[in-house]
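> The structure follows.
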Amino acid sequence: TMEDKGTLRGHTRDNPECTCTHDDYRYNIGYKAGYKANPECPVKGHSHYVSCVAWNHDGSLLASGSNDGTVRLWTPDGQEKGALKGHSKKVNSVAFSPDSNTLASTSD
């Protein structure tokens, strides 16, 4: 079984470290409605909503895909290990191979 290792909090109005603008999205229309990135924000990572996540098989690496078109790799303690920037649209899914040596992702 997987034990709770904590919460990775990114660009959200609930994260006191985030200095980005978070409008009430119910009153906005559009792809980036309700969120405006602050380039000086101390929170690093995706610049838009996370759409999918997957752990590798030993739980040592988390992959996250985002509407910003990137896939990012994280350790369980929240340290970013790298970013994959090959997609031109939002990432729909991420999955590790059984040996964790390959990561696959899909996009619109």
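The values are calculated or read from the model by the stated rules, or taken from the named source; none is laboratory data. Only a predicted model underlies this, so the values are computations on that prediction, with no experimental measurement involved. So basically every Cβ, Gly included, is an ideal-geometry build from the backbone, and we count neighbours across all protein chains shown. The accessibility values were calculated without ligands, DNA or RNA, using every heavy atom of the protein model including side chains. Shrake-Rupley method; radii C 1.70, N 1.55, O 1.52, S 1.80 Å.
> When the accessible area of the stretch 50-107 is split by element with a 1.4 Å probe, what percent falls to carbon and sulfur? Mind showing how you got there, number by number?
Working: 1540 of 3130 Å².
Heavy-atom surface of the stretch 50-107 belonging to carbon and sulfur, 1.4 Å probe: 49 percent.
> Got a sec to turn the phi values of the stretch 50-59 into Karplus ³J(HN,Hα) couplings, 6.51 cos²θ - 1.76 cosθ + 1.60 with θ = phi - 60°, whole Hz, x for Gly and Pro?
Whole-Hz 3J(HN,Hα) from phi for the stretch 50-59: 7, 9, 6, 9, 7, 8, 6, 6, 9, x.
> A follow-up question, please. Tell me, what is the per residue accessible area of the stretch 62-108 in Å², probe radius 1.4 Å?
For the stretch 62-108, the solvent-accessible area averages 54 Å² per residue.
> Related question: For q values of 0.14, 0.23, 0.26 Å⁻¹, compute log₁₀ I(q)/I(0) with the Debye formula on a Cα-only model of the stretch 50-107, without solvent.
-0.31, -0.84, -1.04
> Using the Karplus curve 6.51 cos²θ - 1.76 cosθ + 1.60 with θ = phi - 60°, work out ³J(HN,Hα) for each residue of the stretch 71-83 in order, rounded to whole Hz, and write x for Gly and Pro.
Per residue, the Karplus-derived 3J(HN,Hα) values read 10, 10, 10, 9, 8, x, 8, x, 7, 6, 9, x, 9 Hz.
> Could I ask something else about it? Search the structure for amide H atoms under 5 Å from the amide H of N92, placed 1.01 Å from N in the peptide plane, and list their residues when 5 or more places away or on another chain.
For N92, the qualifying residues are T106, S107, D108.
> Then there is this: How big is the charge dipole of the stretch 50-107 about its Cα centre, in debye rounded to the nearest 20, if each Lys and Arg gets +1 on its Cβ and each Asp and Glu gets -1 on its Cβ?
Details: 5 positive and 5 negative charges, 62 e Å.
Magnitude of the dipole: close to 300 debye.
> Here's a follow-up. What are the ³J(HN,Hα) couplings of the stretch 87-98, residue after residue, when phi is run through the Karplus curve with 6.51, -1.76, 1.60 and θ = phi - 60°? Round to Hz, x for glycine and proline.
Each residue of the stretch 87-98 in turn: 8, 9, 9, 4, 8, 9, 7, 9, 7, 8, 5, x Hz.
> Using amide H atoms built in the peptide plane, which far-off residues or other-chain residues are under 5 Å from C52 H to H?
G65
> Roughly what would the spin-label model give for V53 and N101, points 7 Å off Cα along C-beta, in nm?
Going from the V53 label point to the N101 one covers 2.8 nm.
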